[in-house]
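The values are calculated or read from the model by the stated rules, or taken from the named source; none is laboratory data. Being a predicted model, the structure only gives us computed values, none of them experimental. Cβ placement follows ideal geometry from the backbone for every residue including glycine, while neighbour counts extend to all protein chains displayed. Remember, those area values only see protein heavy atoms, side chains included, never the ligands or the DNA or RNA. Shrake-Rupley method; radii C 1.70, N 1.55, O 1.52, S 1.80 Å.
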Amino acid sequence: MIKVKKRRVLLLPGDGIGPEVIAEVKKVINWFNDKKSLDFEIEEDLVGGISFDKHGTPLTDEVFYKALESAVIMLGAVGGPKWDGVEFSKKPERALLKLRKELKLFANLRPAICFEQLVNASTLKPEIVSGLDILIVRELTGGVYFGEPRGIKPIENGERKGVNTHTYTSSEIIRVARVAFDLAKKRSNRVISCEKSNVMEAGQLWKEEVQSLHDKDYKDVELSHMLADNCAMQLVRNPKQFDVILTDNLFGDMLSDEASMLTGSLGLLPSASLGAKNKDGEMRAMYEPIHGSAPDIAGKGVANPIASILSFAMALRYSLDLDKEAEALEKAVQEALNDGLRTKDIMSDKMKEVSTSQMGDAIISKLQ
Ligand code: IPM
Ligand code: MG
């Protein structure tokens, strides 16, 4: 069993704008090391398309072992049209999925928070999104993403058949539901669990297991169930009815993209993927911005580093037990926004447009 090095932070910038935004995270980590005498040990390596180009695989064994040893992995983004033609098993995304699965990062936390400064950036009316604060807890290592059998195979008449399998076991459902209930207790104490129990047996099991865990251990948390399609609709109709949304891997993928746009700005949203704590209290975790690799703007210095920096704030809170530092970093981001600084993606009238590194520097100057 490979031990987790408590202070080891592995930076995996990846593709597209990944390297630009993770460079700003690196500055923040170095600031904490220099100014707050925190002893983070930074490692950096390749993942995704850039790793495929150099090594012929999106995730080398060496990087995978580094990931196993690190308490915190900060991932930028993977993928881009450059690798569209690459064989399925070598696609940049496979690296991400392997890290999630092999590190057993089953709980994916995706907050969708509408920043007051950016209420007008949403395509929804300000009164619908102002004050929005939703947390999506997405199951990340099961469901149709990983179920077997899978593949494409020839069948009769020269046709082919594509197969993926959606499966969940009781324990897979219960462990992620526990995370959602525990987090709800620190928020508004409400969980809405989403599945398609009307058409899928795995959805019916999901609903039953969540309900019985609730009745056994979390009676004090308000629980309701919602069909995932209805949830998609309710998210744009009245998003503030939600506190914690608990859902499976595929529905969570879609609902979190939808929820992120309520906030007007994909460039601001962080995420955390957490594993279970072992008996020594150690936990593996990976943090990444919700936005993708955005190849169209890569290399131009216009990407928004806030989602990555806020992802590091989540790392401070969830992996490193540094709540005060996490709050300080989140506050520094707010202050930079209050000063009217905006990267291109969130630029609006009368604000000052800044580059990726200028935004990073401004946030660091607010930390002082
Ligand atoms: C996400 C992404 C990934 C997913 C892709 C890049 C594999 O969309 O993290 O939401 O589908 O999980
Ligand atoms: Mg997605």
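Compared with the rule-of-thumb size 2.2 N^0.38 Å for a compact globular protein, the range 102-211 has a Cα radius of gyration ratio of 1.42. When its C-alpha radius of gyration is set against 2.2 N^0.38 Å (N residues), the chain gives a value of 0.98. Counting every pair of alpha carbons in the range 208-326, the share spaced more than 19 Å apart comes to 62 percent.
Counting only protein heavy atoms and using a 1.4 Å probe, what share of the accessible area of the chain belongs to carbon plus sulfur, as a whole percent? For the chain, the apolar C and S fraction of the accessible surface comes to 51 percent. Working note: Cα atoms of the range 149-209, range along each principal axis, descending, whole Å: 56, 20, 18.
Accessible area per residue for the range 304-368, computed on protein heavy atoms with a 1.4 Å probe, is 44 Å². Comparing K161, K104, K196 in a Gaussian network model of the chain, where Cα atoms under 10 Å apart are tied by springs, the biggest mean-square fluctuation is seen for K161. Between F88 and D53, the FRET efficiency from the beta-carbon distance, with R0 = 22 Å, is close to 0.80. Placing +1 on the Cβ of every Lys and Arg and -1 on the Cβ of every Asp and Glu, with no other charges, gives the range 288-356 a dipole of roughly 240 debye about its Cα centre. The length gained by stretching the chain between D182 and M347 to full extension, at 0.36 nm per residue less their Cα-Cα distance, is 55.7 nm. Quotient of the Cα radius of gyration of the range 1-158 and 2.2 N^0.38 Å, N being its number of residues: 1.27. For the pair Q211 and N230, the difference between a 0.36 nm per residue extended length and the Cα-Cα distance amounts to 5.0 nm. Taking one quarter of the surface of the C-alpha convex hull of the range 222-263 gives a mean projected area of 2.9 nm². For the chain, the 222 nm mean residue ellipticity estimated from helices alone, with every DSSP H stretch of n ≥ 4 adding -39500 (n - 2.57) and the total spread over all residues, rounds to -12500 deg cm²/dmol. Here the label points at K104 and S357, each 7 Å from Cα along the C-beta direction, are separated by 4.2 nm in the simple model. In the structure shown, the pairs K26/K366; K27/K104; K27/K352 are assessed against 20 Å; a Cα-Cα span above that value is assigned to K27/K104; K27/K352. Computed from point charges on the beta carbon alone (+1 for Lys and Arg, -1 for Asp and Glu), the dipole magnitude for the chain about its Cα centre is near 360 Debye. Antiparallel beta bridges, as assigned by DSSP with both residues in the range 109-268, represent about 40 percent of the total such bridges.
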